[in-house]
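Undergrad: First the structure, which I've put down as structure tokens, then a few questions once you've had a look.
The values are calculated or read from the model by the stated rules, or taken from the named source; none is laboratory data. This is a predicted model, so every value here is computed, not measured. Here the Cβ is made from the backbone with ideal geometry for all residues, glycine too, and neighbour counts use every protein chain on show.
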Amino acid sequence: MVILKSLQEIEKIQRAGRLVAEVLEAMRQAVRPGVSTAVLDEQAEKIIRASGAKPAFKGYRGYPRTLCTSINDQVIHGIPSKATILKEGDIVSIDVGTIVDGFYGDAAITVPVGPISTAAGRLIRVTEEALMRGIEAARPGNRLYDISAAVQEHVESHGYSVVREFVGHGIGRSLHEDPQVPNFGERGRGPRLQAGMVLAIEPMVNMGGSKTVVTDDQWTAVTADGSLSAHFEHTIAILDDGPRILTLRQ
Ligand code: MF3
Ligand code: CO
């Protein structure tokens, strides 16, 4: 069941989303060769708690940390660790959620660690562009899979593939609500989009094949073929006049 949100509720989600954006900006600044993903995680948790909010992922289905930090062929849900040290040329996807006043915000970025290859830079750029194409399609009167198709077409036109085993989601008083928001689908299909829907749109894009495997830690998803993967996510609200991104800084 899709739960439509009032403008007041959307503003609460936006408060959570602004904090998410602030954390991601701090992480972008903190990422450099030699830093461990555990240090990033601790810094992120401090920022969230200092503003009186709560990290959304920590404790969610037993997930142990504030951030997901997924390096290179890791797609999503990489667990921060003291033993995981970023090195020049890596790309790292950083995903974070917050809870403010009972409402969730959720977003992710992929960041270069020092200078990276042209190919990796292009993967990051195309993944972020695909997210923005998806967001543009999130308007009343369109259908849900118009978002999915916009993402998929942009990704595949660059020779990359979209992950199918994980999808975006509705969000509000829970981290994951209906509907699921796949990054693949056919234009003109799916439920009609309505003002008041709040969605986390999150393309996960692989340089090679679309298949993923969950590793022995039961969380980290990696590409089956070892190819690089990037991930961007925003929480957005559908308003009468189009999409509003809720995970931007003030
Ligand atoms: N952005 C991801 C999601 O929406 C992060 C969830 S990590 C988890 O599913 F630990 F909370 F599961
Ligand atoms: Co999400």
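Undergrad: Sort out which residues of region 151-168 are near ligand 2 (Cβ under 10 Å from one of its atoms) and among the hydrophobic types (A, V, I, L, M, F, W, C), and write them in order of number.
TA: F166, V167
Undergrad: Pairs under 8 Å by beta carbon, first residue on the phi > 0 side of the Ramachandran plot in region 40-56, partner at pLDDT below 95 and buried (at least 18 other Cβ atoms within 10 Å of the Cβ), six or more apart or different chains?
TA: none
Undergrad: If I go through region 211-226 residue by residue, how many of them are farther than 30 Å from M197 by Cα, in contact with a Ser or Thr (Cβ under 9 Å, 6 or more places away or on another chain) and not β-branched (V, I, T)?
TA: 1
Undergrad: Starting from residues that are more than 16 Å from ligand 2 (Cβ to nearest atom), touching a Pro at 6+ places or on another chain (Cβ under 9 Å) and assigned to a strand (DSSP E or B), keep the ones in region 68-108 and report whichever is farthest from R28 (Cα to Cα).
TA: In this case the residue turns out to be I85.
Undergrad: Let me ask something additional. Can you tell me which residue in region 29-67 is farthest from ligand 2 (Cβ to nearest atom), limited to those that are surrounded by 15 or more Cβ atoms within 10 Å (Cβ to Cβ), part of a helix (DSSP H, G or I) and hydrophobic (A, V, I, L, M, F, W, C)?
TA: If we take residues in region 29-67 being surrounded by 15 or more Cβ atoms within 10 Å (Cβ to Cβ), part of a helix (DSSP H, G or I) and hydrophobic (A, V, I, L, M, F, W, C), then V39 is farthest from ligand 2 (Cβ to nearest atom).
Undergrad: Shifting gears a bit: Here are some conditions: (1) at positive phi; (2) free of Cβ contacts under 8 Å to residues at least 24 places away in the same chain. G185 meets all but one. Which one does it not meet?
TA: (2)
Undergrad: Keeping to region 38-67, report how many residues are among the polar types (S, T, N, Q), within 20 Å of T235 (Cβ to Cβ) and away from ligand 1 (no atom under 15 Å from the Cβ).
TA: Of the residues in region 38-67, 1 are among the polar types (S, T, N, Q), within 20 Å of T235 (Cβ to Cβ) and away from ligand 1 (no atom under 15 Å from the Cβ).
Undergrad: When you go through I135, I171, I147 one by one, which is the residue that is surrounded by fewer than 23 Cβ atoms within 10 Å (Cβ to Cβ), under 16 Å from the mean Cα position of the chain (by Cα), within 16 Å of ligand 2 (Cβ to nearest atom) and of a type outside the set (G, A, S)?
TA: None of the others qualify; the one that does is I135.
Undergrad: Kindly indicate which of L239, L228 is away from ligand 2 (no atom under 16 Å from the Cβ), within 17 Å of V2 (Cβ to Cβ), in contact with a helix residue (DSSP H, G or I) (Cβ under 9 Å, 6 or more places away or on another chain) and touching a residue at least 24 places away in the same chain (Cβ under 8 Å).
TA: Of the residues listed, the single one that is away from ligand 2 (no atom under 16 Å from the Cβ), within 17 Å of V2 (Cβ to Cβ), in contact with a helix residue (DSSP H, G or I) (Cβ under 9 Å, 6 or more places away or on another chain) and touching a residue at least 24 places away in the same chain (Cβ under 8 Å) is L239.
Undergrad: If the Cβ limit is 6 Å and pairs must be 6+ apart or interchain, which residue in region 71-97 that is on the phi > 0 side of the Ramachandran plot and touching a residue at least 24 places away in the same chain (Cβ under 8 Å) pairs with which residue that is surrounded by fewer than 24 Cβ atoms within 10 Å (Cβ to Cβ) and not in a strand (DSSP E or B)?
TA: Note: pairs meeting the criteria are N72/D90; H77/W219; H77/T220; G89/I116.
Undergrad: Moving to a separate point now. Filter region 68-100 for residues that are among the hydroxyl-bearing types (S, T, Y) and either under 21 Å from T223 (Cβ atoms) or near ligand 1 (Cβ under 10 Å from one of its atoms) (or both); which is surrounded by the fewest Cβ atoms within 10 Å (Cβ to Cβ)?
TA: S81
Undergrad: Looking only at region 6-28, count how many residues are buried (at least 19 other Cβ atoms within 10 Å of the Cβ) and either at pLDDT below 95 or of a type in the set (S, T, N, Q) (or both).
TA: 1
Undergrad: Conditions first: (1) under 22 Å from V113 (Cβ atoms); (2) surrounded by fewer than 21 Cβ atoms within 10 Å (Cβ to Cβ). M204 passes all but one, so which condition is the exception?
TA: It fails just one condition, (2).
Undergrad: In region 215-225, what count of residues is obtained for those that are over 22 Å from V20 (Cα atoms), within 14 Å of ligand 1 (Cβ to nearest atom) and in contact (Cβ under 8 Å) with a residue 40 or more places away in the chain?
TA: Count: 2.
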